[in-house]
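Take a look at the structure set out below.
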Protein chains: 4
Amino acid sequence: MFIVVNLKAYDCDPIAVATAVGDVADDTTARLAVAPQPTDIAAVADHGVETWAQHVDSIDSGSHTGHVRPRSVANAGATGTLLNHSERRRTLAEIDGAISRADDVGLETIVCANNPAQISAVSALSPTAVAVEPPELIGSGTPVSQADPEIVREAVAGATAIDESVSVLCGAGISSGDDVAAASELGSDGVLLASGVALADDPARALNGLVAGVHD
Amino acid sequence: MFIVVNLKAYDCDPIAVATAVGDVADDTTARLAVAPQPTDIAAVADHGVETWAQHVDSIDSGSHTGHVRPRSVANAGATGTLLNHSERRRTLAEIDGAISRADDVGLETIVCANNPAQISAVSALSPTAVAVEPPELIGSGTPVSQADPEIVREAVAGATAIDESVSVLCGAGISSGDDVAAASELGSDGVLLASGVALADDPARALNGLVAGVHD
Amino acid sequence: MFIVVNLKAYDCDPIAVATAVGDVADDTTARLAVAPQPTDIAAVADHGVETWAQHVDSIDSGSHTGHVRPRSVANAGATGTLLNHSERRRTLAEIDGAISRADDVGLETIVCANNPAQISAVSALSPTAVAVEPPELIGSGTPVSQADPEIVREAVAGATAIDESVSVLCGAGISSGDDVAAASELGSDGVLLASGVALADDPARALNGLVAGVHD
Amino acid sequence: MFIVVNLKAYDCDPIAVATAVGDVADDTTARLAVAPQPTDIAAVADHGVETWAQHVDSIDSGSHTGHVRPRSVANAGATGTLLNHSERRRTLAEIDGAISRADDVGLETIVCANNPAQISAVSALSPTAVAVEPPELIGSGTPVSQADPEIVREAVAGATAIDESVSVLCGAGISSGDDVAAASELGSDGVLLASGVALADDPARALNGLVAGVHD
């Protein structure tokens, strides 16, 4: 299982979360990563944990003031990037272009989408992975695997039918090891989560709870 | 073959084009439609020709000042709507939502996309049709069927693999009956065109040239 | 006083509202207008009442599929257009361009903004009028003239300091003649309203209530 | 004079430019700053030169995946941020909000705009500074001070009339000390430039040429 901790624009210490991720990563077979603000990518990556961007633009070099350049993100030490999170929806053309630009510089991609139909759609663009996150469940505390397990099953089936090499994550409301285990049983290859770890009093403890749900 | 004449924001008389479309439609097996400005949908539809919107928003009723309501478009007499034209790209979530809202009110949908991968993507959202239009050929005078026939073949194959019920149109640079015939031979079910008819001195003559390429 | 009834994307009959506006307009010194969906501009204008667009794009003629052309709006019979409503915020450059394109075709402009500072900003772009609408009060039933009269006073002072020829409207929560009278006393030249008339069981009665607050 | 070197998404070494800026800054009365990609802000600031962001979003803490948080930019060591660059235009409401959020965390702001009317508009939002950059001159090699000196004079007059405390920079096409001197003589308090330094074979030499135009 791949567990990505999205720090969003939270008022949290990215290095403290990175430290927790590093500690827990040593004792689990799960793959763990942190997605901080772009300003913090280099520091988090230097800390020795897998680091992801929350977004990159569909650009390479050039006159693109205020856009996030995939190559700069890669140079800062990121392994991959989220794309089209429901808080940062992009046009279809931009998603397509950003996947290509990320590929060019060796960044993996997780493209988020709202429902199984959109998951099938983005799977056709050859990302590394897709993540289904019903917007109404984000931050709800109710895991998608419990609120609507069929969404996860359909997303997995849809993505696989389009491109077997695309991994499928699920997100929204995941906060416990049971949620992670349920996501895995529904066919998901990983989970996206955010406040449950990023804003936890003890991020390492929260992560330990989550990885307890990971079975080889 | 389905021939859609997109009037964009051209300085043309929509009723004159509609008259030409009506005249030519009487003598061809091809299906012809006009996509005028939203302000002109009712007048064009009242003129007795098939009328399409150029865009609708992913909304139904409510507080959406300045957005184009699918139901108002349908009430004005439109049969369908273009979506995600390269001059009006939308987020994936908006394309998905607009298809659903259009379905709700009985509007057909043609979702435009730039390349075969994006055509596969939008085909997963269950539109009525998709249209592949390489942005670099729009308005170029060089038809996609000639500049890059493989794009049309791949778009047809990709869309069909996802959903056999989705029609595939192609656009960009189409101006003659030969272009229409070539598009048809490549597997396309129709063409999108714009300035070649909308800005022609004699739109009926331009259309007659185009439908000469339609073979049953 | 200028009273603009914004029909948004409401599920209402634009001709029924137009009829009510026409009836009431005959018996008041207030200036009344209706802002329907773009598809309904021609029908409402043909009905003989002053008609406004809810939005136009910063374009003139050309390849702008899915955008609303100011000249088409004017040709359909509109007198003016709202711009930058809080439900359709535009970039500063687009607001500036749309005002110019509207001017070119003889459309008046009312540019909406959220607070007095933004009202001063848009007043510098030489629109016909500005409208201050605190987003949190839109649809609240509490008029801005009551919830925060200082916002209206500051908007009037700010706009006038920048350009004395710019009229100032206020909006959000206005539903009675008292609200209109209060808006006028605070220095406002008109009001924007929406559901209070558009969704009223009896729009003419709602309008009569509003114009009762207009004193020469 | 304030000289801001915008690194855009250029394929350049931000530390090499920062080194040049640091060297030149020691020998001039001009204030020099570098605006790198967000991923490079911390490294450039740690290098000891004044560092600016190219963009921040109108957010503080919270669920804003993929947005650039002003506080994170400040924490990384930035002094200020560009806003509304013509390559990253924002809505009026977002510019207003981003200035406030930047103020909250002690970031200075330079709001870009296309013409004097827009400069007056953004000056009403109380930024630290404004920058007038005619889009058609960006990257042209022809300085605005030469192509259209009246634009700079009008921008200075317009901004000052609205808020005397707002500084006025100009940009687009500036590449020599003469251009900087001309900008200063037209009343400008600084210049924005990009490729002339960022992509120079010898950035220090390019900067020395520019600061030669600065007279106390």
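The values are calculated or read from the model by the stated rules, or taken from the named source; none is laboratory data. Quantities reported herein were computed from a predicted structural model and do not represent experimental measurements. Note: ideal-geometry Cβ built from the backbone for every residue, glycine included; neighbour counts use all protein chains shown.
Taking (1) within 24 Å of D:Ala9 (Cα to Cα); (2) buried (at least 24 other Cβ atoms within 10 Å of the Cβ) in turn, D:Val168 satisfies each apart from (1). For B:Ala78, the requirement of being of a type in the set (A, V, I, L, M, F, W, C) and either more than 12 Å from chain C (Cβ to nearest Cβ) or assigned to a helix (DSSP H, G or I) (or both) is not met. Scanning the range D:12-49 for residues that are among the charged types (D, E, K, R) and either modelled with pLDDT under 95 or out of contact with any strand residue (DSSP E or B) (no Cβ under 8 Å at 6 or more places or on another chain) (or both) turns up D:Asp13, D:Asp23, D:Asp26, D:Asp27, D:Asp40, D:Asp46.
Would you mind finding the one in D:Val21, D:Val5, D:Val44, D:Val73 that is in a strand (DSSP E or B) and either more than 13 Å from A:Gly66 (Cα to Cα) or at the interface with another protein chain (Cβ under 8 Å from one of its Cβ atoms) (or both)?
D:Val5
Restricted to the range A:25-48, and to residues that are of a type in the set (Val, Ile, Thr) and surrounded by 23 or more Cβ atoms within 10 Å (Cβ to Cβ), which residue is nearest to A:Gly196 (Cα to Cα)? Among them, the one singled out is A:Val34. The set of residues in the range C:86-97 that are part of a loop (DSSP other than H, G, I, E, B), free of Cβ contacts under 8 Å to residues at least 60 places away in the same chain and not hydroxyl-bearing (Ser, Thr, Tyr) comprises C:Arg88, C:Arg89, C:Arg90. In the range D:83-97, the count of residues that are among the hydroxyl-bearing types (Ser, Thr, Tyr) and facing chain A (nearest Cβ under 9 Å) is one or more. State yes or no: is A:Ala121 surrounded by 24 or more Cβ atoms within 10 Å (Cβ to Cβ), facing another protein chain (nearest Cβ under 7 Å) and among the hydrophobic types (A, V, I, L, M, F, W, C)? Criteria met by A:Ala121. Among residues of the range D:50-65 being under 27 Å from A:Arg90 (Cβ atoms), more than 7 Å from chain A (Cβ to nearest Cβ) and surrounded by fewer than 24 Cβ atoms within 10 Å (Cβ to Cβ), the one that is modelled with the lowest pLDDT is D:Asp60. Of the listed requirements (1) among the basic types (Lys, Arg); (2) over 24 Å from C:Pro116 (Cβ atoms); (3) within 14 Å of chain A (Cβ to nearest Cβ), D:Arg153 misses just one: (3).
Inspection of the range C:149-165 finds a residue satisfying the criterion of being of a type in the set (Gly, Ala, Ser) and either within 18 Å of C:Cys12 (Cβ to Cβ) or not in a helix (DSSP H, G or I) (or both).
Residue-wise test of (1) within 12 Å of chain A (Cβ to nearest Cβ); (2) in a loop (DSSP other than H, G, I, E, B); (3) in contact with an Asp or Glu (Cβ under 9 Å, 6 or more places away or on another chain).
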position	(1), (2), (3)
D:Thr29	no, yes, yes
D:Val34	no, no, yes
D:Gly48	no, yes, no
D:His67	yes, yes, yes
D:Ala102	no, no, yes
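Considering B:Val191, B:Val197, B:Val180, the condition of being of a type in the set (A, V, I, L, M, F, W, C), farther than 20 Å from B:Ser86 by Cα and in contact (Cβ under 8 Å) with a residue 60 or more places away in the chain is satisfied by B:Val180 alone. When A:Pro135, A:Pro127, A:Pro143 are screened for being within 15 Å of the chain's Cα centre (by Cα) and over 19 Å from A:Trp52 (Cβ atoms), only A:Pro135 passes.
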